[in-house]
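I have placed the structure first, in the form of structure tokens, so that the comments after it can refer back to it.
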Amino acid sequence: MEANSGEPKIELGLEGVYISKSSICKVDGVNGKLYYRGYPIEALAKNSSFEETCYLLLNGHLPTLDQFEEFNSKLKAERELPEFIVDMIRELVNKADTMDVARCAISALSAYDKEAYDDSDDANLRKSIKLIAKTASIVATIGRLMMGKEPLKPDISLNHSANFMYMLNGEKPNADKSKMLDLMLILHAEHSSNASTFSTMVTGSTLADMYAAVTSGIGTLKGPLHGGADQAALKMMKNIGNPDNTEKYIEEALAGKKRIMGFGHRVYKTYDPRAKIIKAELLEIQGNSVGDVKNYTTIALRAEKMMIEKLGNTKGIWPNVDFFSGPVYTYIGIPMELFTPLFAVSRMPGWCAHMMEYWQNNRLLRPLEYYVGNIDLEYTPIRYRK
Ligand code: CMC
């Protein structure tokens, strides 16, 4: 029995569908440009810090020195984790995927926030600051416990990225590496209505609180078509093993209709500007790296060349932000299991900024499904069913 007639146009994957107006981020997929609050990503990458980028995303403008210092001290003051959250991570780590541990721990933060269900703008800004600060501590603590080491308290003399590395490795990081991590955090901080931001907004649009909303975002970020692609791309480089196997591996993968993780994008049909910046870092690393990092770097550059020849100009499939990040994170000293949780550390300001903006003019996000099943079936009691 046919349920409906007159099929509506279905935009598979919601491709090309606008859900709201926003002044947070512009992704220009044709020209390969990205802007946070109007500032080109290249300018922020060169001149800004993750903390300043967070301020920009959350407040809509760059801070004055006084505003920056106040914001930065609030972020630092929020780094410490409630003991229960550390115990919870201890219990879950090495049993569940690191993204699942991060999702549970970040979600549980609501229990320690008296303002969790206060939906005023001021409280939401304070929650954003808490979430940005504590997510970094949670992910570093996951890494620390995963390696069988005791968690460390934050060091407020360090900036956000250096403190993350200190809480992970137990020593103050090399300035170049912490600067590189800071750059990676800036590049991942925001990206318009990507899948995880959209799911954050769907949850927030029901007027659930900020913690519930970003927990949805973290669940969505995990998948290999989205944030999980960074881990998947490095796994591929590990599988390739010897750089001389790169071309054969890619050839066979494409012949077998496999996706090469870290390539392709729904919006960019040209080189992702973030990937260009990360590639420049990779080229810097290449000269002075050894062992795994040298191998990954060489494999990544050879794979990139081949993919561009095969799919770049013909199908618009170019490297995205996730392709070169694995070798860079490995160089910095971050284990692969933390790549995607680290993506959540950097995307937190983007999720929070979108939520605060959307709540200014909230409407429940509720799309339609075109029903193609049966209707008016006759109900048969179970005892008569065959
Ligand atoms: N390798 C090989 N072929 C690809 C790839 C890839 N990475 N990406 C897309 N294609 C092909 C796909 O097979 C399809 O081919 P055909 O038309 O012959 O069937 C065509 O390109 C269109 O693919 P699609 O899945 O309809 O495109 P989409 O816009 O829905 O997908 C994507 C976007 C990111 C999911 C996809 O490019 C992909 O799966 N990439 C690999 C995963 C990845 O790197 N994700 C990170 C995205 S950027 C960071 C982030 O936001 O998280």
**Request:** Considering (1) in a helix (DSSP H, G or I); (2) open to solvent by 20 Å² or more (accessible area, probe 1.4 Å), say which one LEU62 fails and leave the rest.
**Result:** (1)
**Asked** Are there any pairs with C-beta distances below 7 angstrom linking a residue in the stretch 269-286 that is within 15 Å of LEU44 (Cα to Cα) to a residue that is open to solvent by 30 Å² or more (accessible area, probe 1.4 Å) and not in a helix (DSSP H, G or I), with the two at least 6 apart or on different chains, and if so which?
**Response** PRO273/LYS33
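Each row is one residue, and each column tells you yes or no for (1) part of a loop (DSSP other than H, G, I, E, B); (2) among the acidic types (Asp, Glu); (3) within 15 Å of the chain's Cα centre (by Cα).
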| site | (1), (2), (3) |
| --- | --- |
| LEU158 | yes, no, no |
| PHE164 | no, no, no |
| MET167 | no, no, no |
| LYS179 | no, no, no |
| HIS191 | yes, no, yes |
| SER199 | no, no, yes |
**Complete:** If we ask which residues in the stretch 126-155 are surrounded by fewer than 18 Cβ atoms within 10 Å (Cβ to Cβ) and assigned to a helix (DSSP H, G or I), their number turns out to be 2
**Item:** Matching option when the condition is outside any strand (DSSP E or B), modelled with pLDDT under 95 and of a type outside the set (Lys, Arg), among GLU2, GLU70
**Value:** GLU2
**Request:** Would you tally the residues in the stretch 308-351 being closer than 24 Å to ALA96 by Cα and away from the ligand (no atom under 15 Å from the Cβ)?
**Result:** 7
**Message:** Against the conditions (1) within 16 Å of the ligand (Cβ to nearest atom); (2) under 30 Å from LEU364 (Cβ atoms); (3) surrounded by 10 or more Cβ atoms within 10 Å (Cβ to Cβ), where does GLU15 fall short? Just the number, please.
**Reply:** (3)
**Asked** Of all residues in the stretch 232-258, which are surrounded by 15 or more Cβ atoms within 10 Å (Cβ to Cβ) and within 11 Å of the ligand (Cβ to nearest atom)?
**Response** ALA232, ALA233, MET236, ILE250, ALA253, LEU254
**Asked** Since SER199 meets every condition but one in (1) small (Gly, Ala, Ser); (2) within 16 Å of the ligand (Cβ to nearest atom); (3) in contact (Cβ under 8 Å) with a residue 60 or more places away in the chain; (4) surrounded by 21 or more Cβ atoms within 10 Å (Cβ to Cβ), which condition does it not meet?
**Response** (3)
**Prompt:** Can you pull out the residues in the stretch 202-215 that are open to solvent by less than 40 Å² (accessible area, probe 1.4 Å) and not aliphatic (A, V, I, L, M)?
**Reply:** THR203, GLY204, SER205, ASP209, TYR211, THR215
**Asked** Can you spot a residue in the stretch 203-220 that is within 18 Å of the chain's Cα centre (by Cα) and within 12 Å of the ligand (Cβ to nearest atom)?
**Response** yes
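The values are calculated or read from the model by the stated rules, or taken from the named source; none is laboratory data. If you're wondering where the values come from, they're calculated on a predicted model, not measured in any experiment. Ideal geometry is used to build each Cβ from the backbone, glycine not excepted, and the neighbour counts take in all protein chains shown. When the accessible area is computed, the model is the full protein with side chains, heavy atoms only, and any ligands, DNA or RNA have been set aside. Shrake-Rupley method; radii C 1.70, N 1.55, O 1.52, S 1.80 Å.
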